[in-house]
Amino acid sequence: MKANINVWINGILAILLIGCFLFLGYKIPREEFSLLIIIYSLISLVVVCLFAVNKESHQWVWIFAVGFTIRLSLFVALPQWSDDYPRFLWDGEMIQMGINPYSETPNQFQNNHATETSTYLVELYQSMNSPDYYSVYPPLDQAVFWLSSLMAKENTSKGIMTLRIFIILGEIGVFFTLLKLLEIHQIKLSTISWYWLNPLVIMELTGNLHFEGLVLFFVLAASLFLYQNKLGWAGGFWGFSIGLKLLPLIFLPAFISYAKTRQSKLFWTGTSLAIFISFCGLLIDSSWLNFFKSLQLYQGKFEFNASIYYLLREVGFWIEGYNTIAILSKGLSLLTLTLIVFFTWKSKPKSIFQLIDTFVIAYLVYLLLQPVVHPWYLIPGIGLSVISGKRAFLVWSFSVIFSYQAYGNIDFKEQPLFLFIEYMALAVAIYWDYFRTKTTITS
């Protein structure tokens, strides 16, 4: 009798969830903050209810089917919350035309190649948010952009759908790799719903075409190969995760601290080979100079949804009378490295489970000290937290939606109240994880 009731409840909740995602993905732009926060909150509540109903279940097929259906339902949606995809397709078009995407900014291309500019390129250029900067995306990303552009045939909708195929395939990889790691660590399989049905994950990856899901897949695959003692493969997958986003380099102290990887020539050979394959494209012309120039500009110029950085910036205004971002960003980068090394040394991971927990801490430290924290940056931390059992990233995956308040203003001005709500929720979760109790999200 109870089983039949659960089937009905699951069905109703799944229909409600899919309907909410369709509304969110097709009808609500990021500027409509009030409506966005209502639907996002409703989705989060439904996910909590689904987890409660299926908490004791070891069946994962239902969870996978619901999450996969949601992702497919968003397949033809135009990204509502991000305008990064025009640059992805632009870079792909440059490669198709035989032009190095690191050699010119889009503005320079428009000025230097007026006769080569097509209607399609003009459309992408006008939608772009970074026409004055050299591409900041590593060569491994560029390969995906090129394939997507090849399939698009100068059609933006086809380009978006091709990018989405890569992202959904990566998501499927995340699901099954995560499932295997949960089985290994004897964690209830229903726990995977915190990632697979997470509204931030679905909207920022499938919906808005960000690549953090692919990064997470490579990190999880590296962890699984480590457990299986396939150290060369483990190093290779970690190297490719670096090739996608650079950020997984913060795991270096953890791998040095972990005895199995520290002493393994196979692991470091696999890592080195993957990194070389991923970045050898930067050796062409002056690509690496322009690539790192854009990275430096990004680190020393932009600010969004920060926490500790904003507090220190106010101190800088008080002392110096101007924005000290140039000094602060360098100082916080050094502090980030120092803290990651310290926490890794303190934890001394001796198992894959402890190693993954160290990854979570590294991500948390990094993001708390950054001047720019876009919501999709959280996604690898969310996936890894499903294994480690920590709540901070899961709570943050809800509260980070308050950062979208800024897009409701013409000047994108952030309101301190919403930042306070977001980071107070995170602070409570961090306290719960690291200072109050050792219970986990599966309890």
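The values are calculated or read from the model by the stated rules, or taken from the named source; none is laboratory data. For clarity, every value in this text was computed on a predicted model and none was experimentally measured. Glycine also receives a Cβ, built like all others from the backbone with ideal geometry; neighbour counts cover every protein chain displayed.
Data overview
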{"read-out": "Candidate set: region 160-183, residues that are over 14 Å from N208 (Cα atoms) and either of a type outside the set (A, V, I, L, M, F, W, C) or outside any helix (DSSP H, G or I) (or both); chosen: the one nearest to the chain's Cα centre (by Cα)", "value": "G170"}
{"read-out": "Any hit, region 184-191, residues being farther than 25 Å from N54 by Cα, touching a helix residue (DSSP H, G or I) at 6+ places or on another chain (Cβ under 7 Å) and not in a loop (DSSP other than H, G, I, E, B)", "value": "no"}
{"read-out": "Matching residues, region 292-324, being in contact with a helix residue (DSSP H, G or I) (Cβ under 6 Å, 6 or more places away or on another chain), within 22 Å of Y133 (Cα to Cα) and part of a helix (DSSP H, G or I)", "value": "Q299, G300"}
{"read-out": "Region 192-201: number of residues that are in a helix (DSSP H, G or I), of a type outside the set (F, W, Y) and over 11 Å from the mean Cα position of the chain (by Cα)", "value": "3"}
{"read-out": "Verdict on L200 being of a type in the set (A, V, I, L, M, F, W, C) and over 25 Å from S351 (Cα atoms)", "value": "yes"}
{"read-out": "Counted residues, region 398-419 - those being at pLDDT 90 or above and loosely packed, with under 13 Cβ neighbours inside 10 Å", "value": "2"}
{"read-out": "Residue in region 229-251 that is more than 20 Å from the chain's Cα centre (by Cα), aliphatic (A, V, I, L, M) and modelled with pLDDT under 95 present", "value": "no"}
{"read-out": "Any chance K350 is exposed (fewer than 15 other Cβ atoms within 10 Å of the Cβ), charged (D, E, K, R) and in a loop (DSSP other than H, G, I, E, B)", "value": "yes"}
{"read-out": "Scope region 252-269; condition outside any helix (DSSP H, G or I) and not aromatic (F, W, Y); matching residues", "value": "Q263, S264"}
{"read-out": "Every residue from region 291-303 that is out of contact with any Leu (no Cβ under 9 Å at 6 or more places or on another chain) and either under 25 Å from L140 (Cβ atoms) or surrounded by fewer than 16 Cβ atoms within 10 Å (Cβ to Cβ) (or both)", "value": "K293, S294, Q296, L297, Y298, Q299, G300, K301, F302"}
{"read-out": "Residue check for L369: of a type outside the set (D, E) and farther than 21 Å from F217 by Cβ", "value": "yes"}
{"read-out": "Near pairs, Cβ below 8 angstrom, 6+ apart or cross-chain, from region 387-412 (assigned to a loop (DSSP other than H, G, I, E, B)) to any residue that is modelled with pLDDT of 95 or more and of a type outside the set (K, R)", "value": "K390/D357; K390/V360; R391/S385; R391/A429"}
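Residue-wise test of (1) within 22 Å of the chain's Cα centre (by Cα); (2) at pLDDT 95 or above.
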residue: K55; (1), (2): no, no
residue: V61; (1), (2): no, no
residue: R71; (1), (2): yes, yes
residue: F75; (1), (2): yes, yes
residue: D83; (1), (2): yes, no
residue: G98; (1), (2): no, no
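Residue by residue, here is whether (1) more than 26 Å from L282 (Cα to Cα); (2) in contact with a Gly (Cβ under 9 Å, 6 or more places away or on another chain) holds:
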| residue | (1), (2) |
| --- | --- |
| T117 | no, no |
| Q142 | no, yes |
| L147 | no, yes |
| K158 | yes, no |
| M161 | yes, no |
| G173 | yes, yes |
